[in-house]
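The values are calculated or read from the model by the stated rules, or taken from the named source; none is laboratory data. All values derive from a computational prediction rather than experimental measurement. With ideal geometry, Cβ positions are generated from the backbone for all residues, glycine too; neighbour counts draw on all protein chains shown. These area figures cover heavy atoms from the full protein model, side chains too; ligands, DNA and RNA do not enter into them. Shrake-Rupley method; radii C 1.70, N 1.55, O 1.52, S 1.80 Å.
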Amino acid sequence: MSDVCPWVYGAVAMTETLPATPANPVRRALRSRLLRPLALAPLMAALSGCEAIVLAPAGDIAMQQRDLLVVSVLLMLIVIVPVMALTVYFAWKYRASNKKVEKDYSPDWDHSTHLELVIWAVPLLIIICLGAVTWAGTHLLDPYRPLDRIDKAQAITADHEVLQVEVVALDWKWLFIYPQYGIATVNELAAPVDRPIRFHITASGVMNSFYIPALAGQIYAMPGMETKLHAVINRPGSYTGFSANYSGDGFSNMRFAFHGMEEGDFDQWVAKVRAGGQGLDRDSYLELERPSEKVPVTYYGGVDDHLFNAIVNMCVQPGKMCMGEMMDIDRKGGLGLDAVKNTLPLVYDKYRRRGQAVFGDGESYVMQVCTPLEAERAAVEANMRRAQTAQALQQADPFNRLTGAALAVPGSKPAPIETSAIKAERVGVQTLPVETASAPVSQS
């Protein structure tokens with residue numbers, strides 16, 4: 001059976017025979033209204049593999065954050081749903097073909113007290129509720145706030161030992177240090193179920209973001225700073241953690257596995273890491289710190305106890321003053337000649353970053369010379385300081401030499417200050433008071 005379609009070309013009428021049904025069976029099936037939904041089947045099958053971990057987390061903190069998100073959305077839907085429904089209702093009721101509403105048309109209408117009350121009161125109440133919920137959630141879910149519960153039905157007691165984990169964001173990998181167990185891992189993190197976790201987070205270079213959606217919200221990792229996060233995992237399983245802040249070429253591969261384990265399984269995992277054999281000291285850390293991508297999981301059976309503190313204070317390299325020491329010196333009055341021992345050992349800061357020192361390798365000062373004798377006396381004092389510093393550095397503990405040798409130890413009496421005149425007389429140099437000098441003053 002076929003249809004005849006007449007059409008005109010110029011002045012001649014012609015006909016064309018068309019098939020009764022499309023020749024292509026695929027096109028014929030797609031044109032069927034009953035089969036059109038089946039075209040979305042591959043897309044729905046692909047989406048079925050997605051896991052909405054943010055809405056179905058495994059940690060109590062993430063669950064509370066999920067509840068805060070859901071409550072906020074529901075409060076906003078109180079306005080959004082009626083507005084969308086009324087938009088459809090008004091469009092249908094006042095359509096051009098509906099002649100029944102023409103008699104209700106009021107072109108001069110401009111005010112309704114009841115309508116104004118609803119329009120302003122409902123959003124105001126929603127904002128008040130959102131503000132109260134957000135204020136409470138901001139304080140209760142503060143990442144620096146220690147946990148007060150394991151879950152809704154279990155509070156934290158003195159029997160719950162907090163698991164300490166030190167996190168370092170590297171380019172482009174994650175380093176996890178367990179100071180309580182003396183181990184470290186790269187790109188793998190594990191924690192026992194129902195045990196509070198306190199993360200100490202920092203970075204070696206650019207800023208990153210530490211994020212495990214199943215555990216808690218993201219926390220920034222910044223160099224020279226330490227951020228904290230308190231969390232707990234309540235369900236065993238393997239979850240994914242990653243960096244949520246762009247940090248360079250290897251950012252997309254900066255992922256790690258997080259394992260929630262039972263207590264016995266976690267002990268076995270710790271034993272397996274300890275059996276890794278290699279240790280993580282400052283030299284091996286500096287090698288690990290170099291930028292690299294797709295780094296496999298690595299275990300370290302031993303860790304330098306002071307490594308994380310050195311990373312935070314940016315003084316892992318030998319001879320580099322830690323930021324904490326620098327700030328402590330500034331707090332006590334700064335450097336000056338009396339604290340010269342704090343700067344002489346800093347080979348890294350003075351030479352490596354800027355090539356060679358501007359004034360040479362030796363110590364140098366900008367000072368006022370009144371007479372040639374004063375200049376000679378200053379040179380003698382400089383030689384004395386060099387000799388004393390060299391002797392002190394040979395005898396001092398290398399871990400304590402940069403803590404401010406000229407500063408008084410807390411609780412002790414400071415040593416008497418030896419004046420320049422006494423030092424000069426002790427080495428046999430004649431002193432000349434400044435007020436008796438007759439030579440012209442010069443600046444050098």
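Give the distance, in whole Å, between the Cα centre of segment 248-325 and the Cα centre of segment 115-170.
Spelled out, the Cα-based centre of one part sits 31 Å from the other.
How much accessible area per residue does segment 106-204 have, counting only protein heavy atoms and a probe of 1.4 Å, in square angstrom?
53 Å²
Taking H placed 1.01 Å from N in the peptide plane, check which residues at least 5 places from I156 or on another chain put their amide H under 5 Å from its amide H.
Sorted by chain and number, the residues that satisfy this are R149, I150.
Could you order peptides 88-101, 222-235, 263-276, 183-196 by the average number of other Cβ atoms within 10 Å of their residues, highest first?
183-196, 222-235, 263-276, 88-101
Using the Karplus curve 6.51 cos²θ - 1.76 cosθ + 1.60 with θ = phi - 60°, what ³J(HN,Hα) values do you get for each residue of segment 244-250, in whole Hz, with x for Gly and Pro?
9, 9, 4, 9, x, 4, x
With a/c under 1.5 counting as rounded, go ahead and sort segment 205-285 into rounded, prolate or oblate using the C-alpha gyration tensor (a ≥ b ≥ c being the square roots of the eigenvalues; past the cut-off, prolate if a/b is larger than b/c, else oblate).
Because a/c hits 1.5 or more and a/b fails to exceed b/c, segment 205-285 counts as oblate.
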